[in-house]
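Structure first, commentary second.
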Amino acid sequence: MRSLIACLLVLALAPSARAGAEHLPDDLSFSVVSGQPLAATALRGRPLVIMFWASTCAPCIAEMPDLSALYTELHPKGLELVALAMPYDPPNRVMAAREVLKLPFPVALDVNAKVVRQLGVPPQTPQFLLVDARGRIVAVHSGAWPVAELRAALLPLLADS
């Protein structure tokens with residue numbers, strides 16, 4: 001019930017999804033579970049995938065092994081990936097899922113829904129933003145993103161970075 005209420009609050013507070021947003025905000029930052037902040041501007045110069053997920057989202061959990069393999073393959077070529085847990089996901093569950101899944105990429109929390117509000121992301125999961133090396137949002141994807149399709153979308157961005 002608390003998750004449902006939190007979800008409804010996020011819906012009420014978040015602006016509608018900004019499919020037309022062109023760039024990540026310069027002041028965007030992630031609160032990585034290790035405790036370190038991660039500024040989106042520090043990730044510029046490389047393609048970035050932001051995955052909005054929840055530890056209770058079965059499709060999210062199911063695609064984590066493929067995302068981990070893709071990140072391991074393409075990170076040396078410049079790919080960055082941040083898995084941002086939705087505000088309604090308790091931090092202890094997020095950290096436990098990160099450990100169990102052995103995620104090689106940064107996992108971030110958004111307990112105050114700051115990032116969700118900044119980007120206008122609806123609370124359903126999974127959601128993806130694909131950002132080019134200049135910080136321009138080039139794709140928004142709702143639902144599971146088959147890894148072959150995600151790779152095909154990433155390869156031209158890696159070639160340009």
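The values are calculated or read from the model by the stated rules, or taken from the named source; none is laboratory data. Please read these numbers as outputs of a predicted model, since none were measured by experiment. Here Cβ is always computed from backbone atoms with ideal geometry, including for glycine, and neighbour counts include all displayed protein chains. Ligands, DNA and RNA are stripped out before the accessible areas are found, and what is left, the full protein with its side chains, is counted by its heavy atoms. Shrake-Rupley method; radii C 1.70, N 1.55, O 1.52, S 1.80 Å.
Here are the numbers for the structure shown:
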item	result
All Cα pairs of segment 39-128, percent lying beyond 22 Å	23
Å² of accessible area per residue within the chain, as computed with a 1.4 Å probe and no ligands counted	49
Calculated FRET efficiency for the pair Val32/Arg136, C-beta based, R₀ 41 Å, to 0.05	0.95
Within a Gaussian network of the chain (alpha carbon springs, distance under 10 Å), most fluctuating of Asp89, Asp66, Asp26	Asp26
Longest DSSP-loop-exposure-free segment, trypsin sites (Lys or Arg not before Pro), the chain, at most 15 other Cβ within 10 Å	19-101
CD proxy at 222 nm, helix term only [per DSSP H run n ≥ 4: -39500 (n - 2.57); per residue of the chain; nearest 500]	-11500 deg cm²/dmol
Cα Rg, Dmax (largest Cα-Cα span) when computed across the chain, Å	14.5, 46
